[in-house]
1. Kindly list the number of the only condition in (1) open to solvent by less than 30 Å² (accessible area, probe 1.4 Å); (2) closer than 27 Å to Gly265 by Cβ; (3) of a type in the set (A, V, I, L, M, F, W, C) that fails for Phe132.
2. Being in a loop (DSSP other than H, G, I, E, B) and either within 11 Å of ligand 2 (Cβ to nearest atom) or at negative phi (or both) is the requirement here; does Ile263 meet it?
3. Out of the residues in region 230-248 that are within 11 Å of ligand 2 (Cβ to nearest atom) and among the β-branched types (Val, Ile, Thr), state the one that is farthest from the chain's Cα centre (by Cα).
4. Name the single residue that is surrounded by the fewest Cβ atoms within 10 Å (Cβ to Cβ) among those in region 236-263 being in contact with an Asp or Glu (Cβ under 8 Å, 6 or more places away or on another chain) and in contact (Cβ under 8 Å) with a residue 60 or more places away in the chain.
5. Against the condition away from ligand 1 (no atom under 16 Å from the Cβ), over 22 Å from Ser151 (Cα atoms), in contact with a strand residue (DSSP E or B) (Cβ under 7 Å, 6 or more places away or on another chain) and not in a strand (DSSP E or B), how does Pro307 come out, does it pass?
6. Considering only residues that are under 13 Å from Asp273 (Cβ atoms) and among the hydroxyl-bearing types (Ser, Thr, Tyr), look in region 320-353 and name the one that is most open to solvent (accessible area, probe 1.4 Å).
7. Looking at (1) open to solvent by 40 Å² or more (accessible area, probe 1.4 Å); (2) of a type in the set (Gly, Ala, Ser); (3) within 20 Å of Pro307 (Cα to Cα); (4) in contact with a Pro (Cβ under 8 Å, 6 or more places away or on another chain), can you tell me which one Ser178 breaks?
8. Please indicate, with yes or no, whether at least one residue in region 280-300 is within 13 Å of ligand 2 (Cβ to nearest atom), at pLDDT below 95 and not in a loop (DSSP other than H, G, I, E, B).
Amino acid sequence: MPPRNPNSEKILDFVVNKGNGIKGLVDTGIETVPDLYILPIEERLLPNNILPYDSIPVIDVSNWDDPKVKESICDAAGQWGFFQIINHGVPLHVLDAVKEAAHRFFGLPYEERNKYWAGNSPTDTVTLKTSFVPQAEAVLEWKDYLSFRCSPRDLESFPLWPPVCRDEVVEYMESAKSVIRKLLEVLLEGLKVKQIDKAREYTLMASPIVNLMYYPHCPNPDLTAGVGPHSDISTLTILLQDDNGGLYVRATENDSWIHVLPINGALVINIGDILQIMSNDRYKSIEHRVVANGSKDRVSVPIFVNPGPDAVFGPLPEVLESGEEPLYKEVVFSDYFKYFFSKKHDGKKSMDFARI
Ligand SMILES: O=C(O)CCC(=O)C(=O)O
Ligand SMILES: [Fe+2]
């Protein structure tokens with residue numbers, strides 16, 4: 001990484017080392033985007049690269065057992081890797097409450113937020129961070145996030161979680177559980193897996209993570225990345241976004257992107273790397289990115305549905321049954337996770353870790 005100029009070093013110290021986050025920097029009243037956040041022009045999302053009339057599928061899941069619904073889900077997972085679901089059963093008030101809780105947490109004074117900063121937090125099940133991997137990034141991402149590990153064991157640390165948002169996070173996670181289960185059942189049935197037994201359950205969904213993402217308003221969002229292009233390493237991600245928009249999904253191998261239109265009450269679903277690997281490429285984990293907003297503070301709440309740390313995953317035997325060659329080797333989830341977090345967001349390069 002090239003050396004940084006003294007002003008960038010100062011900002012890095014304030015945002016990362018002192019734990020103010022990008023929220024703290026915006027609160028100082030900055031009127032321009034600091035160099036530390038300015039992307040080289042070839043990495044910016046330019047208007048010419050946005051396809052204005054395209055959108056990802058929207059699927060009504062009021063009847064999960066309808067074969068047409070199942071088919072739409074599996075088709076969307078294969079062709080798009082991204083879709084929105086409506087009538088999913090998670091109550092609107094639960095969705096609204098967790099978004100409000102995110103605003104409440106990031107609205108706390110520095111001293112209160114800082115109690116949860118990585119390294120200060122009373123428990124490793126909740127951590128406040130900024131950007132993605134600041135020590136590996138030449139340009140930082142315009143986001144802070146409070147991350148909750150949410151396996152049943154992790155939930156034992158609930159009393160140590162921030163009181164301004166912990167109930168809402170747990171309620172959202174609990175209400176989303178049946179949606180997660182249904183989606184995985186349908187997607188696995190599409191891969192000829194009849195039933196999700198205990199071992200499979202561990203590999204598919206044992207260690208969910210819920211993030212409260214916060215993208216404070218940015219003086220010039222076109223210059224910077226809220227989140228750079230990446231695919232998720234999860235099996236599935238369930239994402240609740242607010243009405244500001246700003247999430248873009250890669251459309252083709254060329255550099256074009258589709259905006260994910262906010263729909264009140266909808267959940268955005270995307271396939272993660274693990275499910276692409278387990279499906280031997282039947283389902284696709286598609287790159288996506290976020291652009292911050294010029295005037296509003298954006299929040300989103302992804303649930304990353306992750307395997308247990310020591311789960312081993314690879315192409316499913318049911319998928320390879322008819323003699324198809326596996327495209328991936330078997331990998332331990334914690335190794336894949338460490339690899340992902342050892343470098344900056346970099347498209348779909350993490351998948352090389354598992355590729356044969
Ligand atoms: O905030 C969003 O809309 C998406 C965030 C995201 O892609 C991620 O955290 O992996
Ligand atoms: Fe993502």
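The values are calculated or read from the model by the stated rules, or taken from the named source; none is laboratory data. Note that the structure is predicted; figures quoted are calculated from it, not measured. Neighbour counts are summed over all protein chains in view; Cβ atoms, including those assigned to glycine, are modelled from backbone coordinates with ideal geometry. Note: accessible area is taken over every heavy atom of the protein model, side chains too, but ligands, DNA and RNA are not part of it. Shrake-Rupley method; radii C 1.70, N 1.55, O 1.52, S 1.80 Å.
1. Of everything listed in (1) open to solvent by less than 30 Å² (accessible area, probe 1.4 Å); (2) closer than 27 Å to Gly265 by Cβ; (3) of a type in the set (A, V, I, L, M, F, W, C), Phe132 misses just condition (2).
2. Here the answer is yes, as Ile263 does meet what is asked.
3. Looking at residues that are within 11 Å of ligand 2 (Cβ to nearest atom) and among the β-branched types (Val, Ile, Thr), I get Ile233.
4. Per the stated criteria, the residue is Ala251.
5. Details: away from ligand 1 (no atom under 16 Å from the Cβ): yes; over 22 Å from Ser151 (Cα atoms): no; in contact with a strand residue (DSSP E or B) (Cβ under 7 Å, 6 or more places away or on another chain): yes; not in a strand (DSSP E or B): yes.
Taking the combined requirement at face value, the residue does not satisfy it.
6. Among those that are under 13 Å from Asp273 (Cβ atoms) and among the hydroxyl-bearing types (Ser, Thr, Tyr), it is Tyr339.
7. Going through the list (1) open to solvent by 40 Å² or more (accessible area, probe 1.4 Å); (2) of a type in the set (Gly, Ala, Ser); (3) within 20 Å of Pro307 (Cα to Cα); (4) in contact with a Pro (Cβ under 8 Å, 6 or more places away or on another chain), Ser178 breaks only (4).
8. No, the conditions are met nowhere in region 280-300.
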